[in-house]
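Inspection log for the structure reproduced underneath, given as structure tokens.
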Amino acid sequence: MNYLSTRGDSTPRKFCEILLEGLAPDGGLYLPAHYPQINDVALGKLRDIYDKHGYADLAFAILSLYIDDIPSADLQAICRKTYTQEIFGTKDIVPLKELDDKVYLEALSNGPTLAFKDMAMQLLGNLFEYELARRNETLNIFGATSGDTGSAAEYAMRGKKGVRVFMTSPQGRMSAFQQAQMFSLMDENIHNIAIEGVFDDCQDLVKAVSNDLEFKKTYKIGTVNSINWARLLAQVVYYFAGYFQATGSNSSKVNFTVPSGNFGNVCAGHVARMMGLPIDKLVVATNENDVLDEFFRTGVYRVRGTADTHETSSPSMDISKASNFERFVFDLLGRDAAKTKDLFTTQLAKTGQFDLSQDPVFTDAASKFGFLSGKSTHADRLNTIRATHKHHAVMIDTHTADGLKVARDQLAAGKVSPQVPMIVLETALPIKFAATIVEALGCEPDRPAKFEGIEALPKRVVNMPADVVQLKAFIAAKCA
């Protein structure tokens with residue numbers, strides 16, 4: 001399997017080359033040259049693997065379709081080392097819970113940092129350590145987080161040989177628990193940088209550094225943000241696991257609703273669907289920062305500036321520039337790299353938006369790719385949290401509430417069939433957003449014992465303006 005850029009660089013690259021890179025040299029995102037196709041026989045084999053051997057071996061089977069430059073025995077060992085009951089708290093790894101008739105929550109937050117990002121990041125940490133040892137090299141990971149990516153990356157990379165982490169986050173824009181998870185880490189290879197601005201400012205810094213090819217090469221910069229293909233690939237696996245749990249045969253279809261701000265989580269569902277997993281609809285759920293919902297409703301992709309990016313009670317989705325969206329647009333345009341590049345480097349740069357509403361590719365996007373969308377507000381989140389707790393005795397976090405609210409809207413509007421299982425991806429445990437849970441329910445959410453008193457721990461963080469020159473200087477100094 002070779003990989004190419006969404007912006008036209010077709011230099012053949014293998015998985016382990018792009019594993020350590022992040023963005024392609026032309027600023028595009030990597031995608032496989034083709035999506036491996038899963039026919040009914042192959043799907044049956046995957047179901048059998050999952051039923052008999054569990055999540056780790058399912059991950060190995062799916063990853064093997066995309067990775068041919070790691071020996072099979074090594075890749076299987078990495079998957080089995082990653083997806084264990086000890087790390088994820090349950091042998092099922094991603095258990096499904098039915099709420100109503102055919103409405104499910106898929107639990108993705110049983111990992112070390114209580115968020116779905118652990119599903120990919122734990123694998124990425126082991127892949128990085130493996131490949132760096134094989135090359136006898138080091139890597140400086142540079143990333144941006146709106147809340148959960150940072151802690152998941154840091155917990156996955158802490159103590160890993162040959163790896164340093166430089167993680168930017170928007171100053172004061174994460175929950176107290178999220179900040180404490182990151183800033184309380186004292187490991188020498190972990191560096192937290194709080195940026196004056198919003199998440200999109202942090203994301204712009206990551207792209208600016210990644211696009212400085214000389215700096216990137218000199219300081220061996222890699223990324224764990226969802227622009228990294230390996231991370232997105234790891235997320236594809238839980239779509240298959242959710243499907244197998246919700247259905248009894250491969251003749252059935254399912255729907256997924258995915259809370260999404262950066263389009264990485266739902267893009268993994270798009271990849272699974274392109275491979276042939278029987279997904280009918282992929283429903284994108286946004287909060288008040290509804291850039292993605294606006295696109296799927298109107299065909300207009302319009303990014304917002306810092307001043308127009310709302311600070312909400314589902315802060316991990318306070319994103320107005322979806323960095324993974326380019327991968328889907330590339331597929332939407334029939335993999336036309338020149339047109340994709342024009343949209344993202346010319347039109348978006350000049351006007352802050354692009355409009356595909358009159359393009360034939362947009363008019364059949366829903367039927368061809370299965371996308372629907374909707375948005376949820378703070379009041380919606382509170383109501384959904386209350387109703388779910390009252391009727392099902394289940395406490396959900398704010399982002400999962402956005403997903404559940406939008407899923408129910410689609411069902412009520414008749415846009416999805418009530419006969420088809422609807423799987424809502426749970427994205428974090430409620431303790432990460434305790435203030436809103438207290439507002440909704442009047443009680444504190446459960447807190448795992450290992451996180452007792454975390455907010456009071458000493459913090460190790462550097463505050464910095466959104467200045468790429470200053471940021472590069474900081475990285476260079478720490479790498480000296």
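We did not get these values from a lab; they are worked out from the coordinates using the rules stated. None of the values given here were measured: they were computed from a predicted structure. Note that each Cβ is placed from the backbone with ideal geometry, even for glycine, and that neighbours are counted across all protein chains shown.
Could you list which residues have their amide H under 5 Å from that of A144, counting only those 5 or more apart in sequence or on another chain, with H placed in the peptide plane?
Answer set, sorted by chain and number: T168, N225.
Taking 0.36 nm per residue of separation and subtracting the Cα-Cα distance, what length does fully extending A480 through I87 add?
138.1 nm
Using r as the Cβ-Cβ distance of A208 and K459, and R0 as 30 Å, what FRET efficiency do you calculate, to the nearest 0.05?
Working: r = 26 Å, r/R0 = 0.88.
So, using R0 = 30 Å, E works out to roughly 0.70.
Hey, what do the phi angles of segment 407-416 turn into as Karplus ³J(HN,Hα) couplings, whole Hz, using 6.51/-1.76/1.60 and θ = phi - 60°, x for Gly and Pro?
Calculated HN-Hα couplings, in order: 4, 5, 4, 5, 5, 5, 7, x, 7, 10 Hz.
Which three lengths, in whole Å and largest first, does segment 355-480 cover when its Cα atoms are put on their principal axes?
Largest first, segment 355-480 extends 57, 46, 23 Å along its Cα principal axes.
For segment 321-393, would you read off the P(r) tail past 21 Å as a percentage of all alpha carbon pairs?
So the portion of pairs separated by more than 21 Å is 45 percent.
Label S72 and D48 with points 7 Å out from Cα along Cα→Cβ: what is the distance between them in nm?
1.5 nm
How far apart, in nanometres, would the label points at Q358 and T11 be if each is projected 7 angstrom from Cα along the Cα-to-Cβ direction?
Going from the Q358 label point to the T11 one covers 3.9 nm.
Go through segment 297-305 residue by residue and turn each phi into a ³J(HN,Hα) via Karplus (6.51, -1.76, 1.60, θ = phi - 60°); whole Hz please, and just put x for glycine and proline.
7, 10, x, 9, 9, 10, 6, 10, x
Add -39500 (n - 2.57) for each DSSP H run of 4 or more in the chain, then divide by its residues: what number comes out at 222 nm, to the nearest 500 deg cm²/dmol?
-13000 deg cm²/dmol
Please enumerate, by chain and number, the aspartates and glutamates with C-alpha under 15 Å from the C-alpha of K160, excluding those fewer than 8 residues away in the same chain.
Excluding near neighbours in sequence, the set is E129, E131, E137, D187, E188.
Taking just the C-alpha trace of segment 7-103, give me its Rg and Dmax in Å.
When restricted to the Cα atoms of segment 7-103, Rg and Dmax are 16.8, 49 Å.
HN-Hα J couplings of segment 221-234 from phi, Karplus 6.51/-1.76/1.60, θ = phi - 60°, integer Hz, Gly and Pro as x?
After applying 6.51 cos²θ - 1.76 cosθ + 1.60, I find 8, x, 9, 10, 5, 5, 5, 7, 4, 4, 5, 5, 4, 4 Hz.
Taking amide H atoms as placed 1.01 Å from N in the peptide plane, list the residues 5 or more away in sequence, or in a different chain, whose amide H sits under 5 Å from that of V165.
Under 5 Å from the amide H of V165: I141, I190, H191.
Any idea what diffusion coefficient segment 167-261 gets from Stokes-Einstein, in µm²/s, Kirkwood Rh on alpha carbon pairs, 25 °C, 0.890 mPa s?
It diffuses with D of about 147 µm²/s by this estimate.
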